[in-house]
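Below is one structure; the comments refer to it alone.
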Amino acid sequence: MKAAVLREFGKDMPIEDVTLDDPKDREVLIRITAAGVCHSDLSVARGKGSMPLPCILGHEAAGVIEKTGPGVSRVKKGDAVVLSWTPYCGNCFYCRAGLPAQCEAYNRAAGQGALFDGTGRLKSASGERIYHFTCQSSFAEYAVMPETGVLPIHKEIPATVAALVGCAVTTGYGAVVNDAQARPGEYLAIWGLGGVGISALMAARLCNAEVIVVVDPNPRKEEVARRFGATHYINPKTTEDVPAKIRELTQGRGVDAAFDCIGRQAAFEQGYNSIRPGGKLVIVGQAPRGDVFTIPAARAFPAVQKRILGSYYGGGIPEQDFLRILDLYRIGKLELDAMVGKTVPLPGVNDAFRELESGIDTRTVLVFN
Ligand code: APR
Ligand code: ZN
Ligand code: ZN
């Protein structure tokens, strides 16, 4: 099969002929139909994560089941599926605690660039091992992953939309619905209007928030913010004191919840200082390794009763959210079609990364025939 192989951080990924072994116990082979280009892929490609190389990125995808390994029961050949980037074992402490994204088997495997049995299925034309990314590696025509990494969906759902549900949509929607538990009439603010931020914005609207402020330094995002239902836009480059501006818009109080959808220290600090006493700072974005953010300690922290929450893959049970989100899409409550930007074939992935770096309006999705 053809796949984009990350061989060197910061360099383009060549499209190579790659061998993919058959699925083993409780694994499935998926023909990828669409794969979104997410900032987390970009961060790894630019060396901001820790991944063994060479590897195949891609963690936001949809596909069709091509083959099932021994013991697979949740899907059959021909099923259309959304891929998850946290397949889980179902047996560890975290799986039993209802935190499947923390699954011990998954985290061990993903850390090694392998599948659950510690081995890989990917090899280059010369027979060298290629590492898996999030047990998924969907910047490729096919993928093999544990069966808990796929969820069957209605065939009529466009692959591009299904792909985005596999990461950005669930991440942003869940931050608002599961982690912040936003209620009608609340005041919310979102930092970073990429795929994740737009999804958080759509969820904020769905929850009938009264004030929804978007903070993004790219002036082009103002129009995007309004289009997806923001009530206010703030450019942090041209606004001296962002929290003060937000207080001005919220009866002097601050927002009920602030969402970092970019992973920058400045956004964390502005978010923390923009929430009202008792409000929530929900951190969704993944900051580069080594970054820290500081908040006033002493009396201030306990006295204001603020809560800081780490939000990962929507904070709930991702596959349950996939189904809920797709139902909301079907009945017209979430306009996911509007999130799909350019669609390009696999070799377009390198340009898609560059465009993501310079700031684009909606998600670029790789499509496969
Ligand atoms: N404050 C607010 N917004 C910012 C800032 C900042 N200091 N710096 C950049 N941005 C904006 C960009 O202008 C862009 O609109 O954040 C947005 C990021 O969008 P994408 O690059 O599309 O990122 P996305 O794929 O949505 O991912 C966001 O979530 O999954 C994680 O690792 C991912 O940390 C990343 C975050
Ligand atoms: Zn992602
Ligand atoms: Zn587990």
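Just so you know, all these numbers are worked out from the coordinates, no wet-lab data involved. The shown structure was predicted, so the numbers you read here are calculated from the model rather than taken from an experiment. Cβ sites come from the backbone with ideal geometry, for glycine too, and all protein chains shown count toward neighbours.
The angle between the Cα long axis of helix 318-330 and the longest principal axis of the Cα atoms of the chain comes to about 80 degrees, rounded to the nearest 10. Pick out, from 366, 346, 195, the residue whose Cα sits farthest towards the positive end of the charge dipole of the chain, with +1 on the Cβ of Lys and Arg and -1 on the Cβ of Asp and Glu. Comparing the listed Cα positions along the dipole, 195 ranks first.
Using a cut-off of under 12 Å, list every residue of segment 1-25 whose amide N is near the label point 7 Å from the Cα of residue 117 along the Cα-to-beta-carbon line. Of the residues in segment 1-25, 21-25 have backbone N under 12 Å from the label point off residue 117. Residues 274, 137, 40, 126, arranged from fewest to most other Cβ atoms within 10 angstrom of their Cβ, appear as 126, 40, 274, 137.
Other residues lying with their Cβ under 12 Å from the Cβ of residue 309 contribute a combined charge of +1, Lys and Arg counting +1, Asp and Glu -1. Other residues with beta-carbon under 15 Å from the beta-carbon of residue 223 carry, at +1 per Lys or Arg and -1 per Asp or Glu, a net charge of +1. As a rough footprinting exposure proxy, the listed residues 154, 132, 39 were ranked by other beta carbons within 10 Å of their own, and the order from fewest upward is 154, 39, 132. Calculated on C-alpha atoms, the gyration radius of the chain divided by its Kirkwood radius gives an Rg/Rh of 0.97. Taking other C-beta atoms within 10 angstrom as a stand-in for reagent exposure, 156, 27, 223, 16 fall in the order 156, 223, 16, 27, fewest first.
With a Förster radius of 22 Å applied to the C-beta separation of residue 354 and residue 291, the computed FRET efficiency comes to 0.40.
What does the charge count around residue 280 come to, taking other residues whose C-beta lies under 11 Å from its C-beta (Lys +1, Arg +1, Asp -1, Glu -1)? So the surrounding residues net to 0.
Tell me, what does the Kirkwood hydrodynamic radius of segment 171-312 come to in angstroms if you use every pair of distinct C-alpha atoms? Walk me through the numbers before you get to the answer.
Working: mean 1/r = 0.0686 Å⁻¹.
Taking the inverse mean of 1/r over all distinct Cα pairs, segment 171-312 comes out at 14.6 Å.
Between residue 8 and residue 265, the C-beta separation translates, for a Förster distance of 22 Å, into a calculated FRET efficiency of about 0.20.
Counting only lysines at least 8 places from residue 48 when in the same chain, those with an alpha carbon closer than 19 Å to its own are 11. Placing +1 on each Lys and Arg Cβ and -1 on each Asp and Glu Cβ, with no other charges, gives segment 18-158 a dipole about its Cα centre of roughly 100 debye. Could you tell me the distance between the Cα centroids of segment 40-71 and segment 111-175, to the nearest Å? Between the Cα centre of segment 40-71 and that of segment 111-175, the gap is 5 Å.
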